[in-house]
Amino acid sequence: MSGTTETSDKVQIGLTPLGVEHLDAVMKTNWFANAQDAYRLAVAVALAHRVVATPEQIAGSDTKYNFMGGIDRDGKVRALISALAPAEAATPARYAERLAHAGLAILATKVADEDALLSDALRPQRPGDHPAASI
């Protein structure tokens, strides 16, 4: 194990100022009882959409949550990442933070800006889908 090639996982994860704006917009929709639930769903949305923020995009994130004791207290987020992004299984907190940023951007666009149903944000747009064709 070389210390120069491995990155340890984080204990505390958070949001950039833009991520906070997205989370605030999502919370104003009243779809979620608490922000941690929205953050968790944002991770799943990003995985479903196959998008992830780059480390550079989340640089300067402020600590907001404890990963293992808060966001992933039951281990389900780690299990989801291990199953759907096995290359990221060694650092699930770091990856979840990047996923949450990408997922919150999607949720903010769909449920806050477009006033769409939550199901619209959960469903990734497939090539060839036309928004006008949806009912």
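The values are calculated or read from the model by the stated rules, or taken from the named source; none is laboratory data. Because the structure is predicted, anything quoted here is derived from the model rather than measured. Every residue, glycine among them, receives a Cβ derived from its backbone with ideal geometry; neighbour counts consider all protein chains shown. With ligands, DNA and RNA removed, areas are computed over all heavy atoms of the protein, side chains included. Shrake-Rupley method; radii C 1.70, N 1.55, O 1.52, S 1.80 Å.
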Notebook entry, point to check: At a probe size of 1.4 Å, how large is the accessible area of His49, to the nearest 10 Å²?
Noted result: 50
Next item on the list: Excluding residues on the same chain fewer than 8 positions from Lys28, give the lysines whose Cα lies under 27 Å from its Cα.
Entry: Lys64, Lys76, Lys110
Notebook entry, point to check: Hey, any idea what % of the chain's accessible area is carbon plus sulfur with a 1.4 Å probe?
Noted result: 54
Note to self: Quick one: 3J(HN,Hα) in Hz for region 103-111, Karplus 6.51/-1.76/1.60 with θ = phi - 60°, rounded, Gly and Pro as x.
What the structure shows: x, 5, 4, 5, 4, 5, 5, 6, 8
Next item on the list: Could I have the simple spin-label model distance between Gln36 and Lys76, label points 7 Å from Cα toward Cβ, reported in nm to one decimal?
Entry: 1.3
Notebook entry, point to check: Want the number for Ala89 to Asp62: 0.36 nm per residue separation, take away the alpha-carbon distance, what's left?
Noted result: 7.4 nm
Item checked: In nm, spacing of pseudo-spin labels at Gln12 and Lys28 (7 Å Cα→C-beta vector) -> 2.8
Notebook entry, point to check: Can you give the calculated 222 nm mean residue ellipticity of the chain, where each DSSP H run of n ≥ 4 adds -39,500 (n - 2.57) and the sum is split over every residue, rounded to the nearest 500 deg cm²/dmol?
Noted result: -12500 deg cm²/dmol
Notebook entry, point to check: Which whole-number value in Å² is the accessible area per residue of region 7-122, probe 1.4 Å?
Noted result: 51
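Looking at the chain, which longest stretch skips every one of the GluC sites (Glu not before Pro) that is in a DSSP loop with at most 14 other Cβ atoms within 10 Å, leaving the sites themselves out?
57-113
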